[in-house]
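The values are calculated or read from the model by the stated rules, or taken from the named source; none is laboratory data. Fair warning: this is a prediction, and the values are worked out from it, not measured in the lab. Note that we place each Cβ from the backbone using ideal geometry, even for glycine, and neighbour counts take in every protein chain shown.
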Amino acid sequence: MSKFVKVALLIVFSLYFIDANAQWKKPKWLSNAVFYQLYPQSFKDSDGDGIGDLKGIEQELDYLQNLGITAIWMNPIFESPFRDAGYDVSDFYKIAPRYGTEEDLKQLLTAAHKRGIKICLDLVAGHTSDQHAWFQASTRADSNEFTHRYIWTPSKAIVPGSFFIKNNYPRNGNYLKNFFDYQPALNYGYANPDITQPWQEPVDAPGPKATRDELKKIITFWMDKGVDGFRVDMAFSLIKDDNNLTETKKLWTETRSWFEQKHPEGVLIAEWSNPSNSINAGFHIDFMMHFGVAGYPSLFFNEHGTFKGEHPFFDKSGKGDFLLFWQNYIQQINSTKGKGYIAIPSANHDFQRPNCGNRNSVQELKTVMAFLLTMPGIPFIYYGDEIGMRFIEDLPNEEGSVLPDGNNRAGTRTPMQWNSTANAGFSIAPATYLPIDPNPKRPTVEQETADKNSLLNFVKSLIKLRSSSPALSNDGAIEALYIHEKTYPVVYLRSSGTERYVIAINPSAGNVTAKFELENVHHLIPVYSSNCIIKLTNHIEINMKGVSYGIFKVQ
């Protein structure tokens, strides 16, 4: 190919990317969305086998509606040997029997939609289980339609790196894994294939093209059943040797254009943790969380939990720093404005909850939620965080909960705590998927519903305020009023049109003061405030006691 042709093609693609991005439309329902991440095996067991299921979820939809939830993301519910809690899929077109049937899913969708709640599934796009029929076919010595659907070396003597897994299959080669050894990587091709390494096929080779087609078939199959979208697992990982992610972005740009044409109200959520990349490539939502763009761990990760840290901002010691998160967050906001949404989750199935270690009081957790539910973007509440469920240490390795580095995720996956009956109302089984929090003072939905000062009722009130206030909504603007290096509190402004709110957060145990300027202020009305006093003179002064928050409407 001549240099002129290459340049021409690059220009054509660039124009296509720009045009596609400009034409994309966000589903209107996202502007007021509040997501709830629901770990299906741990939410509610309806049949007494100790494992949560689809009918159990359906039984608790009224609770979620009353909380203010408008959308659910469920972790994988597809057929699986469950060596990695369902992220090792053995059939993308079947519901795992332990969760129920396809009819159960249809009933759940109908019931959720009647309540104004969307449901998104978890799409494991980059790999399968080694028990999947596609992979088993690819292990055969003879050539077949699945021979090039995974990445295999041409000989068992060739092991190009630690991610290639030696095996005893009939095929004379070794396969590339995507995460655990039993999760062979699907072949989407290499961005820069080396012709001396024949397993590195280009992205337009027949195998990678067939894999892309299958991805669309899976999406179509479930969207046609009535689901509202997908969270895509490891969305950044599909194309190999793509250091600048050029081919990965092309893949998702094309997928978004196709998806939006067929399902204009559907949503694609990335597990990428780099919104600037993922949203500009076509996703509606991406996270800032425990990897990728830096900042989230510096807010929350202390010496306990799956991933450990030192001196997070949300800690009574007052030794944390908000600035790293803030600088990266603003950079991400500016690069994605008007195109999609950043989500700052309360937690997820891979890392610890806010209630972790010595951050465990209701007041501390209210301070966390006051922050999370007054930020722009789309809130993602991990099941149980609204009642303050805690991360539980020293649990067994259950369904691949222990990562290759030895860190255990089980402590954030324990069963939902509904009431004071056996197994906290999660199940009537004698034994549950994971043990219930053994603390006799564990929080429950029942107890917190009845307590007007509970975390649950606080979260419910914040969601209600958010949904009724354009300035605090997903699309409202944000700017710093008092954010400095290693300084407490943080104070920021949310605004939309003439509506403005000042939010102040002090997770430290010390008394702190912030002074700042803000134009056109006549009154500052406290909406939700705890141990926080605001004064308006020739400037604004906020005096905050330890572990406090304030939400003030500007008039």
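For segment 352-366, the count of residues that are more than 30 Å from Gly406 (Cα to Cα), surrounded by 22 or more Cβ atoms within 10 Å (Cβ to Cβ) and touching a Pro at 6+ places or on another chain (Cβ under 9 Å) is zero. Scanning segment 151-158 turns up at least one residue that is of a type in the set (S, T, N, Q) and loosely packed, with under 15 Cβ neighbours inside 10 Å. Pick from segment 483-504 the residues that are part of a strand (DSSP E or B) and among the polar types (S, T, N, Q): which of them is nearest to Leu524 (Cα to Cα)? Across segment 483-504, the extreme among qualifying residues is Ser495. Of the helices (runs of 4 or more DSSP H) that lie entirely inside segment 235-329, those containing 3 or more residues that are more than 30 Å from Ile505 (Cα to Cα) and of a type in the set (Lys, Arg) span 246-262. Of the candidates Thr110, Thr153, Thr128, Thr139, the single residue that is in contact with a Leu (Cβ under 8 Å, 6 or more places away or on another chain) and of a type outside the set (D, E, K, R) is Thr128. When Arg171, Arg115 are screened for being within 27 Å of Met234 (Cβ to Cβ) and basic (Lys, Arg), only Arg171 passes.
Say we look at segment 493-506 and pick out the residues that are in contact with a Leu (Cβ under 7 Å, 6 or more places away or on another chain) and under 19 Å from Tyr341 (Cα atoms); which of these is surrounded by the most Cβ atoms within 10 Å (Cβ to Cβ)?
Step by step, filter segment 493-506, then rank; the result is Arg494.
Can we say Lys535 is among the basic types (Lys, Arg) and within 28 Å of Lys319 (Cβ to Cβ)? Judged against the criteria, Lys535 is a match.
When we screen Asn167, Asn174, Asn187 for residues that are modelled with pLDDT under 95 and buried (at least 16 other Cβ atoms within 10 Å of the Cβ), the only hit is Asn167. Comparison of Glu102, Glu79 shows that the only residue that is among the charged types (D, E, K, R) and either loosely packed, with under 15 Cβ neighbours inside 10 Å or not assigned by TED's automatic domain parsing to the domain that holds Leu64 (or both) is Glu102.
Entry remark, segment 367-395: residues being without any contact (Cβ under 8 Å) to a residue 60 or more places away in the chain and either under 18 Å from Pro443 (Cβ atoms) or crowded, with 24+ Cβ neighbours inside 10 Å (or both) number 6 in total. Does Ile69 satisfy the criteria of being in the same structural domain as Ile428 (by TED's automatic domain parsing), within 21 Å of the chain's Cα centre (by Cα) and under 14 Å from Tyr383 (Cα atoms)? The answer is yes for Ile69.
Determine whether Gly116 is touching a residue at least 40 places away in the same chain (Cβ under 8 Å) and on the phi > 0 side of the Ramachandran plot. Spelling it out, Gly116 is indeed touching a residue at least 40 places away in the same chain (Cβ under 8 Å) and on the phi > 0 side of the Ramachandran plot. Selection within segment 396-448: residues that are within 13 Å of Gln41 (Cβ to Cβ) and among the acidic types (Asp, Glu). The member of this set that is surrounded by the fewest Cβ atoms within 10 Å (Cβ to Cβ) is Glu398.
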